[in-house]
Amino acid sequence: MSLLNKPTRAKSGMKRAVVRALPEADSTARPDVPAPFKMPKLRPPVFADRVVDICDHGAIGDGRTDCTQAFAAAIKQCADNGGGRVNVPEGRWLTGPIHLRSDIELHLQEGAKIWFNNEPELYLPSVLVRWGGIECHNYSPLIYARDCRNIAITGHGSMLGRGEAWWRWAALQERARARQYKIASEESSVERRMVVDAEFPLRPQFIHTINCENILLEDFTIAEAGPCATIHLASCQNVTVRRLHIRATEGPNTEGMILDSTSNVIVEDCDLATGHDCIVLQAGLSTNCSQNVGPTENVIVRRIRATAGQAGFAIGPCVFGGVKNVFVHDCKFDGLDSAIALKATRGRPGVIEGIHIRDIQIGQITGDAIQIATEPDAFDKPRGAAALFKDIRISHITCDQARQAARIAGMTDASLSQLRLENLSITAEQGLSCAAVSGMELIDLRISPRIGPMLSLKDVQNVVIQGLNIAHSRGVFLDLRGRHTRDIRLRGEVSDHARPSIVLGIDVPDDAIVHE
């Protein structure tokens with residue numbers, strides 16, 4: 001039967017979802033599903049059978065005595081003797097920055113609490129970091145490692161970032177980032193990119209590793225947010241992150257984990273509640289002098305529970321080096337602004353490809369269940385080159401409530417391509433909207449919008465729609481707009497009692513729809 005009935009119009013609207021608690025993680029989730037790409041075998045670092053206790057270097061766990069020098073001395077002694085474990089016993093340990101060295105495992109015993117001093121001057125002299133996609137010299141992160149091999153933070157202890165004293169700097173952040181970008185564009189030598197400035201301050205990260213290899217982060221708890229991003233791994237290789245508990249819901253830009261130009265990574269069995277994206281993949285930001293940024297690639301994210309933050313899993317917006325070969329599966333997201341967000345802005349070009357996301361349970365969120373978007377750059381390149389999205393596969397997603405089921409937005413001169421959404425079951429205020437996509441498959445979707453059409457497509461080409469469950473459709477099934485819309489192929493049967501309508505904009509070619 002023909003799907004084309006009399007055109008109808010629907011009103012727009014939305015309401016905020018009510019967030020509820022997420023059930024405990026399902027221990028029966030499938031373990032170690034093979035990645036759909038060749039994933040290197042990861043082996044966590046192994047350390048010498050040597051233990052150095054911070055108490056042997058004068059540390060006192062009373063929460064008042066400054067233990068900065070004790071941490072530094074214990075790490076140095078252990079490293080100088082071939083590496084091993086630096087032990088942090090039960091107690092409250094007040095400290096300034098902790099700098100790791102190669103072959104060092106910082107181990108937090110159960111009951112150990114590291115309290116970081118929140119006086120900025122203690123985090124000088126400045127060190128090399130990557131901040132906002134650009135390498136520069138800034139205040140030291142709370143825990144820092146550069147050019148290290150075989151490093152770890154382990155144990156069932158906890159760390160408190162005490163970041164509130166730094167958060168007031170966020171009001172100056174955009175101006176500070178603009179200055180940072182200007183310095184990086186004009187100064188080719190990274191060692192001379194000094195951005196520590198009282199008038200233009202950039203907040204340091206909680207844990208930041210740069211140019212490191214063989215990293216293990218395991219079992220510990222972040223019980224309080226730091227100044228900025230919680231865990232930021234930049235230009236690193238061979239990383240294992242597992243069984244972390246991160247509670248960083250307050251403060252601006254307190255992402256849970258940022259993987260930035262980092263390859264060969266497994267993140268698993270973590271519990272996250274953050275003030276920004278829970279897990280985000282990036283790959284540097286282009287300037288006139290930073291053309292050597294590497295990709296983020298070969299990443300597995302599995303069995304993650306995220307209950308607060310902006311997105312449960314995100315890519316972008318800084319993706320100059322590219323993001324590819326990513327597999328996210330068996331995760332539970334609830335109480336977030338959005339669940340899955342792949343985004344890039346003009347002026348920050350790169351390729352996002354080979355992204356596989358499946359078996360995600362989404363509870364109630366206030367924004368988009370799925371977002372894939374190229375958008376104008378609000379920084380300083382509004383008409384710069386756009387990122388390229390291709391080979392994106394998202395399947396077996398359920399969502400109890402969202403503002404919009406999916407928002408997919410390319411641009412007329414920078415369309416998205418090779419997208420496949422399959423077996424989605426989403427209840428939302430609005431359905432799926434899509435603009436400027438060339439090559440997309442929508443297979444076996446069960447989308448239940450409260451208002452508006454199930455599918456709104458504009459300026460799209462080569463789209464296959466198959467197996468949509470529209471038995472309960474009360475209005476518009478498909479709304480087509482845009483003079484570039486063509487080759488929309490409808491496959492499968494439609495229930496006789498549903499009789500959904502299709503709206504064609506006046507600028508849509510008459511032969512845009514093909515019934516198969």
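The values are calculated or read from the model by the stated rules, or taken from the named source; none is laboratory data. Everything numeric in this text was worked out from a predicted model, so none of it was measured. Positions of Cβ are generated from backbone atoms using ideal geometry, with glycine treated the same way; all protein chains shown enter the neighbour counts. Accessible surface is based on the protein model in full, side chains and every heavy atom, while ligands, DNA and RNA are left aside. Shrake-Rupley method; radii C 1.70, N 1.55, O 1.52, S 1.80 Å.
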**Prompt:** Scanning for something modelled with pLDDT of 95 or more, open to solvent by less than 40 Å² (accessible area, probe 1.4 Å) and in a strand (DSSP E or B), does region 27-45 turn up at least one residue?
**Reply:** no
**Message:** Residues that are among the aliphatic types (A, V, I, L, M), within 24 Å of ILE394 (Cα to Cα) and either open to solvent by 70 Å² or more (accessible area, probe 1.4 Å) or at pLDDT below 85 (or both): does region 448-468 have at least one?
**Reply:** yes
**Message:** Can you pull out every residue in region 203-247 that is in contact with a strand residue (DSSP E or B) (Cβ under 7 Å, 6 or more places away or on another chain) and of a type in the set (Lys, Arg)?
**Reply:** ARG242, ARG243, ARG247
**Request:** Kindly indicate whether PRO382 is within 28 Å of ARG483 (Cβ to Cβ), touching a strand residue (DSSP E or B) at 6+ places or on another chain (Cβ under 8 Å), modelled with pLDDT under 95 and surrounded by fewer than 17 Cβ atoms within 10 Å (Cβ to Cβ).
**Result:** no
**Filter result for ALA171 (in contact with a Leu (Cβ under 6 Å, 6 or more places away or on another chain), at negative phi, free of Cβ contacts under 8 Å to residues at least 60 places away in the same chain and of a type in the set (A, V, I, L, M))** = no
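Per-residue answers, yes or no, for (1) closer than 22 Å to PRO40 by Cβ; (2) of a type in the set (Val, Ile, Thr); (3) open to solvent by 10 Å² or more (accessible area, probe 1.4 Å); (4) in contact with a Lys or Arg (Cβ under 9 Å, 6 or more places away or on another chain):
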{"site": "ARG242", "(1), (2), (3), (4)": "yes, no, yes, no"}
{"site": "HIS245", "(1), (2), (3), (4)": "no, no, yes, no"}
{"site": "THR249", "(1), (2), (3), (4)": "no, yes, yes, no"}
{"site": "GLY256", "(1), (2), (3), (4)": "no, no, no, no"}
{"site": "LEU259", "(1), (2), (3), (4)": "yes, no, no, no"}
{"site": "ILE266", "(1), (2), (3), (4)": "yes, yes, yes, yes"}
{"site": "ALA273", "(1), (2), (3), (4)": "no, no, no, yes"}
{"site": "ASP277", "(1), (2), (3), (4)": "no, no, no, no"}
{"site": "LEU281", "(1), (2), (3), (4)": "yes, no, no, no"}
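For every residue, the table says whether it meets (1) over 23 Å from ALA428 (Cβ atoms); (2) not in a loop (DSSP other than H, G, I, E, B).
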{"site": "VAL293", "(1), (2)": "yes, no"}
{"site": "GLY312", "(1), (2)": "no, yes"}
{"site": "VAL319", "(1), (2)": "yes, no"}
{"site": "LYS324", "(1), (2)": "yes, yes"}
{"site": "VAL328", "(1), (2)": "no, yes"}
{"site": "ALA341", "(1), (2)": "no, yes"}
{"site": "ILE355", "(1), (2)": "no, yes"}
{"site": "ILE362", "(1), (2)": "no, yes"}
{"site": "THR366", "(1), (2)": "no, no"}
**Request:** Among residues belonging to region 404-428 that are surrounded by fewer than 20 Cβ atoms within 10 Å (Cβ to Cβ) and closer than 26 Å to ASP334 by Cβ, point out the one that is modelled with the lowest pLDDT.
**Result:** ALA409
**Asked** Do you know which residues across region 202-224 are over 14 Å from VAL127 (Cα atoms) and in a loop (DSSP other than H, G, I, E, B)?
**Response** CYS212, ASP219, PHE220
**Message:** Checking SER189 against (1) touching a residue at least 24 places away in the same chain (Cβ under 8 Å); (2) open to solvent by 10 Å² or more (accessible area, probe 1.4 Å): exactly one of these is not met. Which one?
**Reply:** (1)
**Request:** Residue by residue through region 184-208, note down the ones that are hydroxyl-bearing (Ser, Thr, Tyr) and within 21 Å of GLY96 (Cα to Cα).
**Result:** none
**region 104-138: number of residues that are of a type outside the set (Gly, Ala, Ser), over 23 Å from ALA59 (Cβ atoms) and open to solvent by less than 30 Å² (accessible area, probe 1.4 Å)** = 8
**Request:** Could you tell me whether any residue of region 85-102 is charged (D, E, K, R), at pLDDT 95 or above and touching a helix residue (DSSP H, G or I) at 6+ places or on another chain (Cβ under 6 Å)?
**Result:** yes
**Prompt:** How about region 102-156: which of its residues are under 25 Å from the mean Cα position of the chain (by Cα), among the small types (Gly, Ala, Ser) and assigned to a strand (DSSP E or B)?
**Reply:** ALA145, ALA152
**Message:** For region 157-166, give me each residue that is in contact with a strand residue (DSSP E or B) (Cβ under 7 Å, 6 or more places away or on another chain) and either in a strand (DSSP E or B) or not basic (Lys, Arg) (or both).
**Reply:** GLY157, SER158, MET159, LEU160, GLY161
**Request:** Answer with yes or no whether GLY84 is open to solvent by less than 20 Å² (accessible area, probe 1.4 Å) and more than 18 Å from MET159 (Cα to Cα).
**Result:** yes
**Request:** Please go through region 210-239 and pick out each residue that is open to solvent by 10 Å² or more (accessible area, probe 1.4 Å) and hydroxyl-bearing (Ser, Thr, Tyr).
**Result:** THR221, SER235
